[in-house]
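The structure appears right after this line, and notes come after that.
The values are calculated or read from the model by the stated rules, or taken from the named source; none is laboratory data. Note that the coordinates shown come from a computational prediction; the quantities given were computed from them, not determined experimentally. Neighbour counts are summed over all protein chains in view; Cβ atoms, including those assigned to glycine, are modelled from backbone coordinates with ideal geometry.
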Amino acid sequence: MFDNFFKNKRIFLTGHTGFKGSWLTFWLHKMGAEICGYSLDPPTEPNLFDLCRLSGDIQSVSGDVRDLEKFKMTIDGFRPDIVFHLAAQSLVRRSYEEPVETYSTNVMGTVNLLEAVRKVDNVKAVINVTSDKCYENREWLWGYRENDPMGGYDPYSSSKGCAELVTSTYLNSYFNSDDYNTHGKGLASARAGNVIGGGDFADDRLVPDMMRAFGYGKTLHIRYPKAIRPWQHVLEPLSGYLILAKNLYEKGASYSGAWNFGPDENACLKVEEVVGEIIKLWGDKAAWTTNKKFHPHEAGLLRLDCSKARYRLGWKPKLDIRMALKWTVDWYKAFYNGSKNLREITEQQIKEYGRIAEEAA
């Protein structure tokens with residue numbers, strides 16, 4: 001899929017112990033990359049990083065992105081070619097409870113990363129992974145484009161909008177495309193929607209909450225069944241990040257800037273529709289009900305326009321929503337049935353995705 005591009009490339013990856021970070025770490029490892037991960041300990045127990053035994057595959061550094069000196073020392077010591085920044089406080093509801101942690105991690109963590117990499121000559125490509133929630137969400141029917149205004153109702157969404165503004169500032173001030181021959185760095189941000197897939201054990205996320213409830217024979221309680229979300233398997237946006245990294249590395253300035261990586265229109269479904277599909281796949285008397293307690297505000301409708309990635313990167317989603325849900329349920333069924341082969345299952349899904357992508361090319 002990437003013509004051995006990542007083989008022997010030195011990749012610095014923040015947030016490598018998280019859900020998306022673990023999938024990306026495993027994929028890059030299977031492609032032969034040399035990886036240094038920088039992150040706090042895995043955020044949940046259990047977690048995908050440990051279940052797939054990834055610590056033995058990479059150089060793993062335990063560190064906080066808010067610690068600028070350690071951050072700079074680690075990046076400078078590793079001398080990466082490509083940097084992926086995924087470390088974040090990534091939960092909306094937690095951001096209401098911990099706004100200072102959310103802003104300090106998501107905003108100053110981004111500042112620290114960009115400040116560190118601008119001093120390392122080796123780095124040629126940097127991707128800051130933010131969120132579709134960075135946009136000023138007016139809950140209109142059409143998708144947001146990369147040049148739409150940043151915003152954020154809740155602290156998490158706002159912090160991601162701030163992280164985008166930080167990225168844009170560093171791009172203009174230090175990694176300007178007009179001066180590419182001087183600094184030699186391509187800088188981009190990547191915005192994706194709700195990702196699903198095996199190995200996510202976070203609280204207050206629909207699919208992990210479902211899998212916990214169904215795995216232990218309990219009834220699922222849903223906050224906003226009518227809310228519409230852009231659902232996609234985790235490998236979809238990750239493939240976009242990898243394609244973007246390759247283009248940034250090879251062509252630099254012309255691929256700097258913001259990029260959306262969202263699903264097709266038919267994958268923008270109501271929460272209750274996704275729950276219904278997963279119940280069909282899970283079986284075994286799985287059930288749900290609406291949680292009518294007071295809940296903080298969450299977006300009711302959010303879509304992305306991914307025309308830029310489609311036409312300039314040749315990227316597009318490869319899995320329809322039902323295949324994405326099936327892969328997700330298959331992974332969790334294996335976990336809750338006590339499978340010891342979760343690394344193999346995860347690897348097989350990566351291989352199958354690559355095969356599908358090759359056929360679709």
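Residues checked against (1) modelled with pLDDT under 90; (2) of a type in the set (D, E); (3) surrounded by fewer than 20 Cβ atoms within 10 Å (Cβ to Cβ):
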position	(1), (2), (3)
W259	no, no, no
A267	yes, no, no
D284	yes, yes, yes
T289	yes, no, yes
K293	yes, no, yes
R312	no, no, yes
W327	no, no, no
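Condition first: among the aromatic types (F, W, Y) and closer than 21 Å to A245 by Cα. Can you find one or more residues in the stretch 40-49 that meet it? No, that holds for no residue. When the stretch 93-146 is limited to residues that are touching a residue at least 60 places away in the same chain (Cβ under 8 Å) and among the polar types (S, T, N, Q), the one that is nearest to K72 (Cα to Cα) turns out to be N122. The listed residues are L141, L86, L113, and the only one of them that is more than 24 Å from K185 (Cα to Cα) and in contact with a strand residue (DSSP E or B) (Cβ under 8 Å, 6 or more places away or on another chain) turns out to be L141.
If I ask for residues that are closer than 20 Å to S168 by Cα and either in a helix (DSSP H, G or I) or touching a Pro at 6+ places or on another chain (Cβ under 6 Å) (or both), which ones from the stretch 247-257 would you list? Give the steps one after another, and end with the answer.
From the stretch 247-257, those closer than 20 Å to S168 by Cα are 247-249, 251-257; that's our starting set.
Selection gives N247, L248, Y249, K251, G252, A253, S254, Y255.
Residues in the stretch 175-187 that are buried (at least 22 other Cβ atoms within 10 Å of the Cβ) and either modelled with pLDDT under 90 or touching a helix residue (DSSP H, G or I) at 6+ places or on another chain (Cβ under 7 Å) (or both): F175, G186, L187. Checking the stretch 224-235 against the condition returns no match, with no residue being in contact with an Asp or Glu (Cβ under 7 Å, 6 or more places away or on another chain), surrounded by fewer than 24 Cβ atoms within 10 Å (Cβ to Cβ), more than 25 Å from D305 (Cα to Cα) and modelled with pLDDT under 90.
From the list L220, L206, which one is surrounded by fewer than 24 Cβ atoms within 10 Å (Cβ to Cβ), closer than 25 Å to I350 by Cβ, out of contact with any Cys (no Cβ under 6 Å at 6 or more places or on another chain) and modelled with pLDDT under 90? Talk me through it step by step, then tell me what you get.
Details: L220 fails: closer than 25 Å to I350 by Cβ.
Answer to the check: L206.
Filtering the stretch 329-361 to residues that are surrounded by fewer than 16 Cβ atoms within 10 Å (Cβ to Cβ), among the polar types (S, T, N, Q) and closer than 16 Å to L24 by Cα leaves only Q348. Step by step: first the residues of the stretch 190-219, then only those that are outside any loop (DSSP other than H, G, I, E, B) and of a type in the set (V, I, T), then the one that is farthest from L86 (Cα to Cα). Which residue is that? Per the criteria, the residue is V207.
In the set K318, K326, K285, only one residue is out of contact with any Lys or Arg (no Cβ under 7 Å at 6 or more places or on another chain), charged (D, E, K, R), outside any helix (DSSP H, G or I) and more than 20 Å from D132 (Cβ to Cβ); that residue is K285.
Residue by residue, here is whether (1) among the hydrophobic types (A, V, I, L, M, F, W, C); (2) exposed (fewer than 15 other Cβ atoms within 10 Å of the Cβ); (3) over 28 Å from V107 (Cβ atoms); (4) in contact with a Pro (Cβ under 7 Å, 6 or more places away or on another chain) holds:
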residue: G37; (1), (2), (3), (4): no, no, no, no
residue: D50; (1), (2), (3), (4): no, no, yes, yes
residue: R53; (1), (2), (3), (4): no, yes, yes, no
residue: D57; (1), (2), (3), (4): no, no, yes, no
residue: G63; (1), (2), (3), (4): no, no, no, no
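Just checking, which of A192, A213 is under 29 Å from V123 (Cα atoms) and either crowded, with 20+ Cβ neighbours inside 10 Å or in contact with a strand residue (DSSP E or B) (Cβ under 6 Å, 6 or more places away or on another chain) (or both)? After applying the criteria, what remains is A192. Do we have E272 as farther than 24 Å from K318 by Cβ and either of a type in the set (G, A, S) or touching a Lys or Arg at 6+ places or on another chain (Cβ under 8 Å) (or both) here? It is true that E272 is farther than 24 Å from K318 by Cβ and either of a type in the set (G, A, S) or touching a Lys or Arg at 6+ places or on another chain (Cβ under 8 Å) (or both).
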